[in-house]
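One structure is given here, and the rest of the page talks about it.
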Amino acid sequence: MPQTKKRITLPEPETAGSLRRTATSHIGLRVPDVDAAAEFYGRVLGLVRHGRLEDGGVRLGWGTGHHVLDLLPGERGLDHIAFEVRDPGGPDALRKRLRDAGHDVHGLDESSVDESVAAPAGFACTDPDGNTVQFHGPVRRSGEHSADSARRPIKYQHVTLATADLPAMVAFYTGVAGFRVSDQLADGSFAWLRSNRDHHTLAVVGTGTPGLDHYSYDLAAWADFKDWCDRLTDEEVDVVWGPGRHGPGNNLFVFFDDPAGNHVELSAEMEKFHDDRVTYVPRRWEPVPRSVNLWGGQLATWRRTSEGN
């Protein structure tokens, strides 16, 4: 008899959609060689040093405004992710939701947010996988959108977390934090979550192991991809996936790895949602390669779908 295909609809609790003006802020990575990683990000992505961190790490950004990346010494891994909350009520409303749901919440260390940029209230908690998640109020982003987009991305756009328990992670980020599900794979193995007009600022993929799957920077337009692929070649950085176009999000993409082996995505033309004007129902994409990559279904070596490969 033919095997029944697994189909799961991820629930959207009442709290889902509470965040509508929240964006990625910065990300912290543990890397074996901080100086080598900092040199790479400066040479390839145009990030410059904003300062040293007390434990031997380095803070990188685009020269002005809030920082983008903290590189910290250690075995390769995710140290923290962070979001900038511009919603009415700001981080206080989110803090209350988390505490009411029984989550431990503690104030941010003063070094988490650039003093020269702002001093917004903020806090940190852990998600069901134990990832440290920081939330803080508005900061200045004068370093974004201010350079030749063929030579530098225009912003840090989203992060994708790997997990062994996707339902628990989605329940936390939607039912407590207030993200919404934009799209999912029909077998429940991948979910894309939004917190502003962008199709996703956070995604979660079931890989069996928690941690960082990849994180992504925005390019201005499709026309930039040719220059970027040529530039990566000139810098002897291999393209490991793409160029392609995702089904969920409809965004163009190309992937490469940093010296520590973290997967870095360059993306453009992300789909926009207008929750203040339209009612959306999360879509369920077939869990096949052609959903993840519309251009022929080619997948990265680390990506699998439950059907079709």
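The values are calculated or read from the model by the stated rules, or taken from the named source; none is laboratory data. Predicted, not measured: the structure shown is a model, and the values here were computed from it. Because the Cβ atoms are built from the backbone with ideal geometry, glycine has one as well, and the counts that use them run over all protein chains shown.
Residue-by-condition table, conditions (1) assigned to a loop (DSSP other than H, G, I, E, B); (2) of a type in the set (V, I, T); (3) over 16 Å from P128 (Cβ atoms); (4) out of contact with any Asp or Glu (no Cβ under 6 Å at 6 or more places or on another chain):
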{"residue": "E144", "(1), (2), (3), (4)": "yes, no, yes, yes"}
{"residue": "A150", "(1), (2), (3), (4)": "yes, no, yes, no"}
{"residue": "A162", "(1), (2), (3), (4)": "no, no, no, no"}
{"residue": "V170", "(1), (2), (3), (4)": "no, yes, no, yes"}
{"residue": "W192", "(1), (2), (3), (4)": "no, no, yes, no"}
{"residue": "V205", "(1), (2), (3), (4)": "no, yes, no, no"}
{"residue": "F225", "(1), (2), (3), (4)": "no, no, yes, yes"}
{"residue": "T233", "(1), (2), (3), (4)": "no, yes, yes, yes"}
Quick one: in segment 228-241, of everything that is in contact (Cβ under 8 Å) with a residue 24 or more places away in the chain and either surrounded by 18 or more Cβ atoms within 10 Å (Cβ to Cβ) or in contact with a strand residue (DSSP E or B) (Cβ under 7 Å, 6 or more places away or on another chain) (or both), which residue is nearest to E269 (Cα to Cα)?
-> W228
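G89 - would you say it is without any contact (Cβ under 8 Å) to a residue 24 or more places away in the chain and out of contact with any strand residue (DSSP E or B) (no Cβ under 9 Å at 6 or more places or on another chain)?
Values: without any contact (Cβ under 8 Å) to a residue 24 or more places away in the chain: yes; out of contact with any strand residue (DSSP E or B) (no Cβ under 9 Å at 6 or more places or on another chain): yes.
So G89 passes the test.
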Collect the residues in segment 244-291 that are out of contact with any His (no Cβ under 9 Å at 6 or more places or on another chain), free of Cβ contacts under 8 Å to residues at least 40 places away in the same chain and in a strand (DSSP E or B), keeping them in residue-number order.
-> V254
Which condition number in (1) in a strand (DSSP E or B); (2) surrounded by fewer than 20 Cβ atoms within 10 Å (Cβ to Cβ); (3) of a type outside the set (A, V, I, L, M) is the one that D70 fails?
-> (2)
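Check H136, H158 and return the single one that is touching a strand residue (DSSP E or B) at 6+ places or on another chain (Cβ under 8 Å), of a type outside the set (S, T, Y) and modelled with pLDDT of 95 or more. Give the derivation first.
Working: H136 fails: modelled with pLDDT of 95 or more.
Within the list H136, H158, the selection yields H158.
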Enumeration of residues in segment 145-189 that are in contact with a helix residue (DSSP H, G or I) (Cβ under 8 Å, 6 or more places away or on another chain), hydrophobic (A, V, I, L, M, F, W, C) and within 25 Å of E14 (Cα to Cα) | L161, V176, A177, F179, V181, L185
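Of the residues P128, P153, which single one is within 21 Å of D218 (Cα to Cα) and modelled with pLDDT of 90 or more? Even if it seems obvious, please write down each step before you answer.
Working: P128 fails: within 21 Å of D218 (Cα to Cα).
None of the other options fit; the residue is P153.
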Candidate set: segment 244-264, residues that are over 15 Å from the mean Cα position of the chain (by Cα) and within 14 Å of L212 (Cα to Cα); chosen: the one surrounded by the fewest Cβ atoms within 10 Å (Cβ to Cβ) | G261
Out of R43, R30, R7, sole residue that is over 19 Å from V85 (Cβ atoms) and part of a strand (DSSP E or B) = R30
Search segment 147-186 for residues being under 25 Å from A268 (Cβ atoms) and among the aromatic types (F, W, Y), and hand back the single one that is surrounded by the fewest Cβ atoms within 10 Å (Cβ to Cβ).
-> Y173
